[in-house]
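Participant: The structure follows.
The values are calculated or read from the model by the stated rules, or taken from the named source; none is laboratory data. Please read these numbers as outputs of a predicted model, since none were measured by experiment. As a convention, Cβ positions derive from the backbone with ideal geometry for all residues, glycine included, and neighbour counts pool all protein chains shown. We work out accessible area using only protein heavy atoms, side chains counted, and drop any ligands, DNA or RNA first. Shrake-Rupley method; radii C 1.70, N 1.55, O 1.52, S 1.80 Å.
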Amino acid sequence: MFGYISINKAEMKFKDYDVYHSYYCGLCKVLKECYGRRGQVTLSFDMTFLVVLLTGLYEPDTKTEMVRCVAHPTQKHAAKTNEFTEYAAAINMILSYYKCEDDWIDERKKKSFVAARLLKSKLKEIKKIYPVKCKVISENLAEISRREAENEQNLDLMSGLFGNIMSEIFAYRHDEWESLLRKMGFFLGKFIYLMDAYDDVEQDIKSGSYNPLKTVYQEDPAFADDCRGLLTLMMSECSREFEQLPVLLHAEIIRNVLYSGVWSRYTAVTAKRIAAKEKSKASESEKNSNNCADTADSMTSDNHTEDNTHPDTENSTTGDQEQ
């Protein structure tokens, strides 16, 4: 469930994109420093958003360095880091580990098994620093797995379990902003769970994997619109909580994500499905046209045969009469 909380680059100012990218690079830098290459490959847009949000709210001392990396070896670029970068890196590792473990249990993906083994040793260190966060995340993910095994179809229940996880992740401090951050995280978590189900529904139908949207996808002609309505409700609630926070720093970047960026995947998936359906209809129409043409040719051929027979019959009959 990674990558849905991203920016809409086309709608973002250049200066805002540079700032966002510097936090992204900062998170990548900290993941490598704290957890090595195995940590660096877990880098996600979701946790970059968390860094930007918490930085915008609390405005901590932030360090900016000019660095090179594997992705940008020839030119130095800015990397911003602060206390929230280290926190987001730890949370990113926790979520990555449990996602790999879940993929191995559910789909027996060997790569996921290997990745989980590699990340497990790092998870022990993180549990010592954030025991409550780890407990809440692991318990809710375990409950999700149990409910999935029972084929639970209650969307509100299933998405709410992941909402609980994001709620705990967003609550960095026990202060006056904790309640708003928890609610914001909760609805964003529900959005992520539902968006993931919407994204994977076709693949899950083919593989036989669990997905609470399977039946609706197969039976509801307005599936895409109904899902968008549900997703919109989640983001409306999330955005309402955000707008109550006294965030001035990086506010435009955060709004770009909440009001536009989160819809990038929905738009891409929906457009792809519409194109596939239109292609299928066109193919079926062409097939029907070819069948009609074949039938017409067959009928024409039969008519020619009848025409060739009639004169002979008439001549034969006439000849008999003359005789």
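Participant: Do we find that residue 51 is buried (at least 17 other Cβ atoms within 10 Å of the Cβ) and either touching a Leu at 6+ places or on another chain (Cβ under 8 Å) or outside any helix (DSSP H, G or I) (or both) in this structure? Spell out the reasoning first.
Facilitator: Values: buried (at least 17 other Cβ atoms within 10 Å of the Cβ): yes; either touching a Leu at 6+ places or on another chain (Cβ under 8 Å) or outside any helix (DSSP H, G or I) (or both): yes.
Answer is yes for this residue.
Participant: Condition check: crowded, with 21+ Cβ neighbours inside 10 Å, in contact with a Cys (Cβ under 9 Å, 6 or more places away or on another chain) and modelled with pLDDT of 90 or more. Does residue 127 satisfy that? If you could, list the steps in order and put the result at the bottom.
Facilitator: Details: crowded, with 21+ Cβ neighbours inside 10 Å: no; in contact with a Cys (Cβ under 9 Å, 6 or more places away or on another chain): yes; modelled with pLDDT of 90 or more: yes.
The answer is no for residue 127.
Participant: Here are the criteria: (1) in contact (Cβ under 8 Å) with a residue 40 or more places away in the chain; (2) open to solvent by less than 50 Å² (accessible area, probe 1.4 Å). Tell me which single one residue 100 does not satisfy.
Facilitator: Of everything listed in (1) in contact (Cβ under 8 Å) with a residue 40 or more places away in the chain; (2) open to solvent by less than 50 Å² (accessible area, probe 1.4 Å), residue 100 misses just condition (1).
Participant: Quick check on the stretch 14-29. Is at least one of its residues open to solvent by 40 Å² or more (accessible area, probe 1.4 Å) and not in a helix (DSSP H, G or I)?
Facilitator: no
Participant: Out of the residues in the stretch 130-143 that are open to solvent by 60 Å² or more (accessible area, probe 1.4 Å) and not hydrophobic (A, V, I, L, M, F, W, C), which is nearest to residue 158 (Cα to Cα)?
Facilitator: Going through the qualifying residues, I end up with 139.
Participant: Let me ask something else about it. Take the conditions without any contact (Cβ under 8 Å) to a residue 24 or more places away in the chain, buried (at least 20 other Cβ atoms within 10 Å of the Cβ) and either closer than 20 Å to residue 98 by Cβ or not small (Gly, Ala, Ser) (or both) and apply them to residue 211. Does it pass? Quick ask: steps written out before the conclusion?
Facilitator: Details: without any contact (Cβ under 8 Å) to a residue 24 or more places away in the chain: yes; buried (at least 20 other Cβ atoms within 10 Å of the Cβ): yes; either closer than 20 Å to residue 98 by Cβ or not small (Gly, Ala, Ser) (or both): yes.
Answer is yes for this residue.
Participant: Checking the conditions here, which among 47, 66 is closer than 15 Å to residue 30 by Cα and in contact with a strand residue (DSSP E or B) (Cβ under 7 Å, 6 or more places away or on another chain)? Lay out the reasoning, then the answer.
Facilitator: Numbers: 47 fails: in contact with a strand residue (DSSP E or B) (Cβ under 7 Å, 6 or more places away or on another chain).
Just a single option satisfies the conditions, and that option is 66.
Participant: Could you say whether any residue in the stretch 204-218 is touching a helix residue (DSSP H, G or I) at 6+ places or on another chain (Cβ under 8 Å), modelled with pLDDT of 95 or more and hydroxyl-bearing (Ser, Thr, Tyr)?
Facilitator: yes
Participant: So which residues in the stretch 72-92 are open to solvent by 30 Å² or more (accessible area, probe 1.4 Å), within 26 Å of residue 125 (Cβ to Cβ) and touching a helix residue (DSSP H, G or I) at 6+ places or on another chain (Cβ under 8 Å)?
Facilitator: First, pick out the residues of the stretch 72-92 that are open to solvent by 30 Å² or more (accessible area, probe 1.4 Å): 72-76, 78, 80, 83, 86.
Next, from what is left, pick out any that are within 26 Å of residue 125 (Cβ to Cβ): 80, 83, 86.
Result: 80, 86.
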